Each structure stands twice: as structure tokens, then as C-alpha cells.
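The values are calculated or read from the model by the stated rules, or taken from the named source; none is laboratory data. No experiment lies behind these values; they were computed from the predicted model shown. Cβ placement follows ideal geometry from the backbone for every residue including glycine, while neighbour counts extend to all protein chains displayed. Side chains are part of the model used for accessible areas, which takes the heavy atoms of the whole protein and leaves out ligands, DNA and RNA. Shrake-Rupley method; radii C 1.70, N 1.55, O 1.52, S 1.80 Å.
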Amino acid sequence: MRLLITAGPTREPLDPVRFLSNRSSGKMGYALAAAAAARGHEVTLVSGPVALPSLEDAASGRISEKRPEVASTKNVQIVRVVTAADMLAAVKQHLATCDALIMAAAVADWRPVRVARRKMKKGEAQTMTLELKRTPDILKTIAPLKGQKLFIGFAAETHNVRAEAKRKLREKNLDLIVANDVTAPGAGFEVETNRVTIFDAHSEEQLPLLSKRDVAERILDRLEAKRKSGR
Ligand code: C5P
């Protein structure tokens, strides 16, 4: 299959030195890319700013001079983006040539309305108010382009995990959603393991605490099975 995978956080700039972001490390998305490539799938990995060595290092020898944001390694092309708007543009650009999209990125939901061209001075003020605007919802924006492609989303929640996952599965027109309670021990941001439940329209599969690589393998098993059964 040709897989489009997003990973990591996005950054929404406030001024040249500050941004809004979140705690996503990119580990889950990179584990998916590595596992998929090892199975022989062709992967385009759209990555927000992350500090992960593995895939990036392997790719670093082949960064193109003309497009330094694009690098490649065996079966993986890495496209680096910064903001939610950049990520949407990259996903749109690569969507037509993929069979499945896995949105593992933790896209920032808000961006500052105004981006200062010069560093904002703190002055004497003790408080400051930021005005924020919603970023585009990537999955909702591209939903009309879904066709026969399989879409997989993630839901990182702190409460009502099941209800939220089922709502997002429906509202974002997904084939599978991978949900986790990010407050549970060993799950969520910045750790090597994850404890997730995979939902489709008819079932839920609760997985034990696993390494992110093993979680990736189980997600790919489900994806490949869906593809084979034609849903
Ligand atoms: O609504 P929430 O952000 O929890 O939804 C999670 C899913 O939606 C994830 O797969 C995430 O990558 C995707 N998403 C998106 N565009 C956004 C925010 C989230 O596609 N602006």
C-alpha cells in the first residue's frame, strides 16, 4: 500500500521566537512509518517538528538541496512541516497518490490571530491576553476527497475516552480510530509505550500496554485486514 502518515505536533507561531504547541513527541507516527516501511509499504511521512533520530538520521544523507524539507530513506519519504496550515497543504498534496491516511499527528487546535514580525516585548505588564483562532481540521477538510481510501485517526483524551473516540470516528468519517487515555500510566505523550483501544464502526479492541512499535504493528494488521476485506 501507499500510506500517508502524519506525526508529531504542529507549532503555531506568535512571533519569531515563540509558538503554541503540545507535548507530542512524534514517536507513535514514526513507529508507524518504520513498521509500515519494514512491511514493504511505501510511506510518505508528514512530520511536524520533532527531536527523533532514527528515520531522520537514516534519511539525512539524501536531503534534496532544492527542497530541504523533503528527505527519503528506504520506502519512506519525509516531508517536514511546521504549522497546521502547512500540514494540511502537505496532506492535500500527497493524498491523491495514497491508499490510506493515518493521522497520528497532534495538530494544534488554535493559532494566534496575530503573528508579530518582531519579538514581542514584555514591557512592564503583568498580564497579557492572546487572541486565538481555530486551525483547520485536516481530517474534516479532506473528508470529501476520501473516495475508497482508508482513513485512520487518533484520539488522545483525558476523560470520556470511549464516547469521544466514537464521536470522532463518526464526525471525521474514519474507518478506524486509535484512542488512548493520556493520563494512564505508560500511555500517551513522550513515553515509549502506549495503551490503546482501536474502534471501528462495529467493534472495539482493547490492547494491553505495548511498545509504540508493537502498537504500530497492531494498527497495521487492522489496516491491512480492512483493505483485504474491502472494509
Ligand atoms: O479532535 P481531535 O483533535 O481530538 O481529533 C483527533 C484526530 O483528528 C487525530 O487523528 C488528529 O490527527 C486529527 N486532527 C486533524 N486536524 C486538526 C486536529 C486534529 O486532522 N486540526
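Structure above, values below:
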item	result
Where the Cα pairs of the chain fall when distances are cut into 5 Å bins, in %	1, 6, 14, 18, 20, 17, 11, 6, 4, 2, 1, 0, 0
Gaussian network model of the chain, Cα within-10 Å springs - most flexible of SER47, SER203, SER21	SER203
Accessible area in square angstrom per residue, the chain, 1.4 angstrom probe	54 Å²
Helix axis angle, 27-38 relative to the chain longest principal axis, alpha carbon, degrees	40 degrees
Antiparallel content of DSSP bridges confined to the chain, in %, to 5	40 percent
Cβ-based net charge around MET128, under 15 Å, with every Lys or Arg adding one and every Asp or Glu removing one	+2
Virtual spin-label span in nm between VAL113 and THR97, 7 Å along Cα→Cβ	4.0 nm
Solvent-accessible surface ranking, highest first, for MET128, MET120, MET28 at 1.4 angstrom	MET128, MET120, MET28
The chain, helix-only ellipticity at 222 nm - DSSP H runs n ≥ 4, -39,500 (n - 2.57), divided by all residues, nearest 500	-8500 deg cm²/dmol
The chain: most fluctuating residue of LYS140, LYS168, LYS121 per GNM, C-alpha cutoff 10 Å	LYS121
Rounded tilt (10° steps) of 84-95 against the dominant C-alpha axis of the chain	30 degrees
Fraction of beta bridges assigned by DSSP in the stretch 1-51 that are antiparallel (%, nearest 5)	35 percent
Residues whose placed amide H lies under 5 Å from that of VAL43, excluding near-sequence neighbours	LEU3, VAL76, GLN77
Karplus-derived HN-Hα couplings along the stretch 163-173 (A = 6.51, B = -1.76, C = 1.60, θ = phi - 60°), whole Hz, x at Gly and Pro	5, 5, 4, 5, 5, 5, 4, 5, 5, 9, 6
Neighbour net charge for ASP15 - beta-carbon separation under 9 angstrom, K R +1, D E -1	+4
In the stretch 181-231, the GluC sites (Glu not before Pro) that fall in loop regions by DSSP, at most 12 other Cβ within 10 Å	GLU190, GLU192
Contact order normalised by residue count of the chain, Cα under 8 Å, 6+ apart, percent	20 percent
Long-range HN-HN contacts of TRP110 with modeled amide H, under 5 Å	THR135
